[in-house]
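Engineer: Below you'll find the structure I mean.
The values are calculated or read from the model by the stated rules, or taken from the named source; none is laboratory data. For clarity, every value in this text was computed on a predicted model and none was experimentally measured. No Cβ is skipped: glycine too gets one built from the backbone with ideal geometry, and neighbour counts run over all protein chains shown. The area values use the complete protein model at the heavy-atom level, side chains included, leaving out ligands, DNA and RNA. Shrake-Rupley method; radii C 1.70, N 1.55, O 1.52, S 1.80 Å.
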Amino acid sequence: LLSTLTMAEPDDLYTLRAQFWMGHYNLCLDEAKAIARRPMSPNLKLEREEFLQRAAMALGQFDKVVNAAAAPGASASIKALGCRATYETSSDDEGAKQQVIDELKTLLADNEASPSVQLTASHVFLQAGMTREALQCVHLGSTLEHISVSLSNLS
């Protein structure tokens, strides 16, 4: 995305990303709703939806994320976030956790290295104590988040 933008073009998701990274998740949700009606490319709409679901998850609204992932036509990245939300809420159910891990492995195999799916799978694998698998997801560092996860686990 960044390689296609020039300095003259606006970044429609700048405020959304900034609110998310600063931990202002409620403001992030508000911004996502405010920009939902703006015309934007399908890629930006998908990224907006990902940040919306990630903010909801950060606020503990796991059921909303699971419901969004179960909706018909949900993208692979939203399905991966739904898997993560399911994993987070399955604290005592090892069978459910293993099912989430298996589903994430399937999404990784089916999606030709989607950076969002890789990142989400990496987070779940780390929670499951699967450090090697987590690093395999992000070792190429195609985004700053991938590099961050890699570095935080190598140190």
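Engineer: Could you tally up the Lys pairs in the chain with alpha carbons closer than 23 Å? Skip any pair fewer than 8 positions apart unless they're on separate chains.
Structural biologist: Count of close lysine pairs: 11.
Engineer: Set the Förster radius R0 to 22 Å, insert the Cβ-Cβ distance between Thr143 and Lys105 as r into 1/(1 + (r/R0)^6), and round the FRET efficiency to 0.05.
Structural biologist: 0.60
Engineer: Still on this model: Rank these residues by their accessible area, most exposed first, probe 1.4 Å: Asp110, Asp12.
Structural biologist: Asp110, Asp12
Engineer: Moving on to the next point. Taking all pairs of different Cα atoms in the chain, averaging 1/r and flipping that mean, what Kirkwood radius in angstroms comes out?
Structural biologist: After inverting the mean inverse Cα-Cα distance, the result is 16.2 Å.
Engineer: Once you keep just the Cα pairs under 8 angstrom separated by 6 or more residues, what percentage relative contact order results for the chain?
Structural biologist: 12 percent
Engineer: So for Tyr87, Tyr25, what's the accessible-area order with a 1.4 Å probe, most first?
Structural biologist: Order by accessible area, largest first: Tyr25, Tyr87.
Engineer: Using a 1.4 angstrom probe with every protein chain in place, what is the largest-first accessible-area order of Val66, Val138?
Structural biologist: The ranking, largest first, comes out as Val66, Val138.
Engineer: Quick one: how many Å² of Glu50 are accessible to a 1.4 Å probe, rounded to 10?
Structural biologist: My reading of the accessible area for Glu50 is about 30 Å².
Engineer: Here's another thing I want to ask about it. How high is the relative contact order of the range 68-134, in percent, with contacts defined as C-alpha pairs under 8 Å that are six or more residues apart?
Structural biologist: Normalised by residue count, the contact order of the range 68-134 is 28 percent.
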